[in-house]
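Here the structure is laid out as structure tokens; the discussion comes afterwards.
The values are calculated or read from the model by the stated rules, or taken from the named source; none is laboratory data. Here the structure is a predicted model, which means the values were calculated and not measured. Neighbour counts run over all protein chains shown; Cβ positions are idealised from the backbone, glycine included. Note: accessible area is taken over every heavy atom of the protein model, side chains too, but ligands, DNA and RNA are not part of it. Shrake-Rupley method; radii C 1.70, N 1.55, O 1.52, S 1.80 Å.
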Amino acid sequence: MKKRFFRSIAVLFALLIPLWYVSAPGVNGKEKDTYSISLVQRATVKKARDREVVYEPYQVKKGDYIWKIMRRRGLLEKPNFNELYDEIKKLNPSLTNLDLIHPGETILIPLNIVSAKGYEKGKELDQEPEKELVDLDEADLENYVVKPGDSLTKIIKNKFELPSDFVYEDYLRLVQKFNPALTNPDLIFPNQVIRLPIYSPEMVRMPIREQPEKAAPRKPRPAKGKDTADILSLKKGLKAIFNQMGEEWVDGGEQFIPLKSGGQVNLKADSFPILNLNNGQRIIVDIKNELPEEIGRLIEADWEDYGIVHLAQDDTLKTATGKILSACNYHTVLQSGDYLKVKGDVGITIAGDWAIIPQKGEGDIPERIIALSFIRSPSEQTPQMVKAYLARLGITAVDYPDLLGPESAGADVPAPKEIAIMKEGVDFPLTTLLLDLAGQPFSRTLEIPLYRGEDSGFNVIIKADIFFNRQGQDCIIDFTGLSPHTVSLLRKHRIRVLPLSRDGVPRRITASVLEFLGIPFASKEHRFPVAARPETRNIMLSFSGITFADEEGRMVLATDKSIPEELILFLNKSGYHVLDLTRFER
């Protein structure tokens, strides 16, 4: 009975000591209130063999670390701190990594360990000369490579004999000074390199103090949580470019990347946007070059589909885009001066600052092609009607910035202009149309007398399908098939003859008629740049056909290839009317 009585007294005493501490003057009011409510209402006793552990549940808040939680409860100064720290693992078997706790998670925090036989007088600690850390400028550093299962406090205590309160109050703060990327001391990763100030009993120097930063001629970083105008502009530009390319740019919320060795990497997408590509790759864009190289290597080593792109302070939007494209694992990425060709009724040569095939398609035809160009004026922008046509073929033309604005896509588009063709039932429709375009008057089915003798007793009359006089000379275009002798006779009488009875190909008829009329023309593949940019970074459209100028000086493209309405409109804007020769095919 006496033993049970004293044991109850001991447990009650263990509960009252921290309660008295938080009620004492000098403790911050906010921490005191939180701590006291938590302790009185939620403290619990766990019995195990020859000791009892007093603990409380605690819900993890954002920014919490294990050592920070213990420090708030005054546990760092306790002589049995190591036992309390080890007890956390026993009370929380689901915590495989004490360096990784998450907001909202509930963990058990040991407050005291009481011997079942009552309190024993603790052994007096050996009094050693007080050791102080060297000044920041004079500290010797040692690089330590983190091993699986390591925690920062475990590393420090294994390497240096330091009092627990000194570790958490001073040494950890100094470690963070030399490792600015180490924002969370409870979150370290295997293969990460940490710079540790060397601490030894022989070091008795000045205490830690903040050192004024020496002036350096470098570009200042933005304040934490704030981005400069340049950073905001860079993020906005990259987002617009890759979204136009059909990729997903995520710059909001938080990204959680699990690690195969346990734990995870949490990244705020505002500072580290994630580019989710259609090919399954994920690119982490380190906008402000704040992600340590070792963290990037850790992610890439665990996940083949992740890539890291570190941007430098002097990166422009164009150089940043180039770095990201190089990391995207696309099938083909060509720079300015290289070309991609697409064959068809309309030939397409694709170039830009970059010409990209994200993934290889079936056979020789890629699923998608992207032409990306940086432009400086509206005249350099790809016309909307051309973009619409290319999009139907799986070709995306991305111009940055969009100087015409989104309203240009919905603007009223005029109807495409083609050369009007005569109604059906008209004899020799193509030839008569060409004569009209040339402004040449003519007669159809005309009888021409070659000989009319009064006394000879015979007359010679030739039937001409089309007859006209051009520049003082009579001309006949024959479709019915005059005999060679008749043609020879006509030529003797200085009548020019164009025989077309054996030629039914519209393109050859067009060339023959234009040549007969003496109208200059070009019969070849005609190339048109879509915008006012150098050919090395432009999209070129090629049309097969014959070009000539009509009587009014308008340019005409006579083609036997099918041209979509969008490109007819593009040719109209380029000063050309289209003559569709396919309508004359027999």
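At full extension, GLU105 and ASN191 could sit 28.2 nm farther apart than now, given 0.36 nm per residue minus the alpha carbon distance.
Computed in the context of the full set of protein chains, the accessible area of region 459-568 at 1.4 Å probe radius has 47% of its extent on carbon or sulfur. With the simple model of a label 7 Å out from the Cα in the direction of the Cβ, LYS417 to ILE198 spans 8.5 nm.
Extending 7 Å from Cα along the Cβ direction at VAL505 and again at LYS89 yields two label points whose distance is 8.8 nm. Residues MET385, MET245, ordered by accessible area of protein heavy atoms at a 1.4 angstrom probe radius and largest first, appear as MET385, MET245. Spin-label model, PHE178 to ASP270: label points 7 Å out along the Cα-to-beta-carbon direction sit 3.3 nm apart.
Note on region 280-351: with charges restricted to the Cβ of Lys and Arg (+1) and Asp and Glu (-1), its dipole about the Cα centre is near 440 debye.
Tell me the per residue accessible area of region 292-355 using a 1.4 Å probe; a whole number in Å² is fine.
48
Any idea what the dipole of region 522-576 comes to, in debye rounded to 20, about its Cα centre with Lys/Arg Cβ at +1 and Asp/Glu Cβ at -1? Result for region 522-576 is approximately 320 debye, rounded to the nearest 20.
Along the axis of the charge dipole computed for region 441-586 (Cβ charges of +1 for Lys and Arg, -1 for Asp and Glu, origin at the Cα centre), the listed residues PHE479, PHE521, PHE584 are led at the positive end by PHE521. Projected onto its three principal axes, the C-alpha set of region 524-586 covers 41, 26, 21 Å, listed from the longest axis down. Reducing region 227-276 and region 505-533 to their Cα centroids gives an inter-centroid distance of 52 Å. For region 436-523, applying the loop criterion from DSSP together with a ceiling of 15 other beta carbons within 10 Å to the chymotrypsin sites (Phe, Trp or Tyr not before Pro) yields PHE458. In the structure shown, the pairs LYS387/LYS524; LYS387/LYS561; LYS157/LYS268; LYS360/LYS387 are assessed against 29 Å; a Cα-Cα span above that value is assigned to LYS157/LYS268. Structural size metrics of region 324-381, computed from C-alpha coordinates, are Rg and Dmax of 12.5, 38 Å. A 1.4 Å probe run over the protein chains yields, for region 494-549, 45 Å² of accessible area per residue, whole-number rounding.
Heavy-atom surface analysis with a 1.4 Å probe gives region 305-390 a carbon and sulfur content of 48 percent of its accessible area. Only Cα pairs under 8 Å and 6+ residues apart enter the sum, and on that basis the relative contact order of region 505-547 stands at 39 percent.
Using the Cβ-Cβ distance between THR480 and GLU525 with R0 set to 35 Å, the FRET efficiency works out to roughly 0.50.
Applying 0.36 nm per residue to the separation of GLU362 and ASP427 and subtracting their alpha-carbon distance, the gain on full extension is 18.6 nm.
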